[in-house]
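Since the structure comes first, as structure tokens, the remarks are kept for the end.
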Amino acid sequence: MSTTEERLTSLDSTFLELEQADEGAMMHIGGALLFDAPIDGAGPPTLEQLLTLLEERSALLPHHRSRLSEPRVHGLRRPAWVEDPSFDLRSHVRHATLPAPGGEAELHEWLADFYSHRLDRARPLWEMTLVDGLEDGRWMLATKTHHAMVDGVGSIDIGHLLLDVEPHSAPRTPAQLPASNGNGTSGGGPHLPEWLPPVLAARVAKAAIGAARNPGTLLRAGEAAVAMGEMLWQDEIMAARQSTLNVPIGTTRRFTSVAFELTQVKEIKGALGGTVNDVVLATCTGALRRLLEHRGEDLEQPLRAMVPVNLRGDDHDGVGNRVTSLFVELPVGTSALHRRYLETQAAAAKLKSGSAALGGSTLVLVTGFAPPLLHETISKMLFAPRLFNITITNVPGPQFPLYALGARLRRIVPLVPLFADHAIGIAIVSYDGELVFGINADYATNPDLDVLEAALRDEFTRLLSLARD
């Protein structure tokens, strides 16, 4: 075992602590990469081909052979990353076949089960499965990586390493890995941006720390403190509404996804105003209204969503991301479609132009300096249902084709984790002209998840019709 240890930061530890505090919370991120049949007609790749490619590129992911020095975060100390002397790539990479006919129903059921199992803290915190048996000769790579590990290696997921911009690419070395400038691009040519949807807190804190080191990018400390106070006041005095979205959850998941054409999303944006993210939020708002109505909930109070926002001021130098969490009030009580869209757009715009983002990033920055004994309590507060009802994260991905093992990546289906007492989360990723909603849900409390899935389709269709009128 390596004699050197890299101690987890308080931010890395947050995601371990959230799991420790509640059995239903699972803090792995990842997604499903759906590929066409290989262009040479040879059929899906074999497990041996995948293992060979991973071995060729393993040096690009420094921590993929590292495990935690101890499986739990304790009150007085945090674990470290240490080399796993018994690391075996085959214990992390598996093969599975979907049952016939290999359609969306079978795919979603398989993914739900895959995401229902925690990563083993006695081993490096990642897994990958090569899945064949999909319709039309298609195949899939499903990945999950603990957020504590992903943050520790600079947000590079194991699935990232396998993708190329050409169908057949030569093996890459560490020196050939493009240096990201933080917004998914680099000076070394096109590569896969950081598309895997993370939980927000680690990136929020990184952005806040970077701003603190550069006074030119941070507003006055007094203004930041006031903004943080406003956020805490919102949590304690103006708590999010009570909802069936916020109940104790178990460890078994339901999972589904919905895809839309990005050109149609932009068509709505162009006709109704706002941004792509406004279209996403408005679609979710209408769909969640339908779900709450189906459940007989009161629609008067809005739902509060935790939403990531990229903040760039005039003095931003383009290096690194400035990302924070905003808590957007979704107007589920508004019945008129166009009015609901405009209200959702206005709610997001108001927060982005106000002090809420600064308050959120400042709070997480301060949390990062808390001693381990207090950090778990603060971390639980940051992700409590009093602060928000649902996570909706929208991450832009590359708008050009990517390939692995001779096959074209056709679709990315994203995963967002579920925090304690949060029964549904929605992640959205755009890739190569398509926008995909991945819906992760607790199994027992969401037998009607099909209502939300259908409502997303209906709401988007109605918005598109409104845009074309």
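Out of all the residues in the stretch 387-401, is one or more modelled with pLDDT under 95 and over 30 Å from LEU34 (Cα atoms)? Yes, there is a match, as at least one residue in the stretch 387-401 is modelled with pLDDT under 95 and over 30 Å from LEU34 (Cα atoms). Just checking, does the stretch 94-106 include any residue being at pLDDT 90 or above, part of a loop (DSSP other than H, G, I, E, B) and among the basic types (Lys, Arg)? The answer is no, given that none of the residues of the stretch 94-106 is at pLDDT 90 or above, part of a loop (DSSP other than H, G, I, E, B) and among the basic types (Lys, Arg).
Entry remark, the stretch 300-328: residues being open to solvent by less than 60 Å² (accessible area, probe 1.4 Å) and either under 23 Å from ASN246 (Cβ atoms) or modelled with pLDDT of 95 or more (or both) number 13 in total. Only one entry of ASP22, ASP84 meets the criterion of being within 26 Å of THR256 (Cα to Cα) and modelled with pLDDT of 90 or more, and that entry is ASP22.
The residues of the stretch 234-290 that are buried (at least 21 other Cβ atoms within 10 Å of the Cβ) and either in contact with a Pro (Cβ under 6 Å, 6 or more places away or on another chain) or part of a loop (DSSP other than H, G, I, E, B) (or both), listed by number, are ALA240, SER243, LEU245, ASN246, ILE249. Per the conditions (1) assigned to a loop (DSSP other than H, G, I, E, B); (2) surrounded by 21 or more Cβ atoms within 10 Å (Cβ to Cβ), the sole criterion not satisfied by LEU33 is (1). Residue pairs whose Cβ atoms lie under 7 Å apart, sitting 6 or more positions apart in sequence or on different chains, and linking a residue in the stretch 282-309 that is within 19 Å of LEU342 (Cα to Cα) to a partner that is basic (Lys, Arg), are ALA282/ARG340; THR285/ARG340; GLY286/ARG340; LEU299/ARG289; GLN301/ARG241; LEU303/ARG241; VAL309/LYS352. Can you pull out the residues in the stretch 430-469 that are surrounded by 23 or more Cβ atoms within 10 Å (Cβ to Cβ) and under 16 Å from LYS266 (Cβ atoms)? Selection gives TYR431, LEU435, PHE460, LEU463. Restricted to the stretch 105-149, and to residues there that are loosely packed, with under 15 Cβ neighbours inside 10 Å and more than 21 Å from the chain's Cα centre (by Cα), the residue that is nearest to PHE255 (Cα to Cα) is ALA105.
Report whether or not ALA148 is outside any loop (DSSP other than H, G, I, E, B), modelled with pLDDT under 50, under 21 Å from ASN394 (Cα atoms) and of a type outside the set (D, E, K, R).
Spelling it out, it is not the case that ALA148 is outside any loop (DSSP other than H, G, I, E, B), modelled with pLDDT under 50, under 21 Å from ASN394 (Cα atoms) and of a type outside the set (D, E, K, R).
May I ask you to list the residues in the stretch 47-87 that are over 20 Å from GLU5 (Cα atoms) and either in contact (Cβ under 8 Å) with a residue 24 or more places away in the chain or among the aromatic types (Phe, Trp, Tyr) (or both)? Scanning the stretch 47-87 gives LEU47, GLN49, LEU50, LEU51, LEU53, LEU54, GLU55, GLU56, ARG57.
Test PRO85 against the criterion of being under 21 Å from LEU98 (Cβ atoms) and either within 23 Å of the chain's Cα centre (by Cα) or not in a strand (DSSP E or B) (or both), and give yes or no. Considered against the rule, which asks whether it is under 21 Å from LEU98 (Cβ atoms) and either within 23 Å of the chain's Cα centre (by Cα) or not in a strand (DSSP E or B) (or both), PRO85 comes out as no. Within the option set PRO44, PRO101, being over 27 Å from VAL247 (Cα atoms), free of Cβ contacts under 8 Å to residues at least 40 places away in the same chain and more than 27 Å from the chain's Cα centre (by Cα) holds for one residue only, PRO101. Being part of a strand (DSSP E or B) and open to solvent by 80 Å² or more (accessible area, probe 1.4 Å), is that true of even one residue in the stretch 62-76? No: zero hits.
The values are calculated or read from the model by the stated rules, or taken from the named source; none is laboratory data. Please read all numbers here as calculations on a predicted model, not as lab measurements. Glycine also receives a Cβ, built like all others from the backbone with ideal geometry; neighbour counts cover every protein chain displayed. With ligands, DNA and RNA removed, areas are computed over all heavy atoms of the protein, side chains included. Shrake-Rupley method; radii C 1.70, N 1.55, O 1.52, S 1.80 Å.
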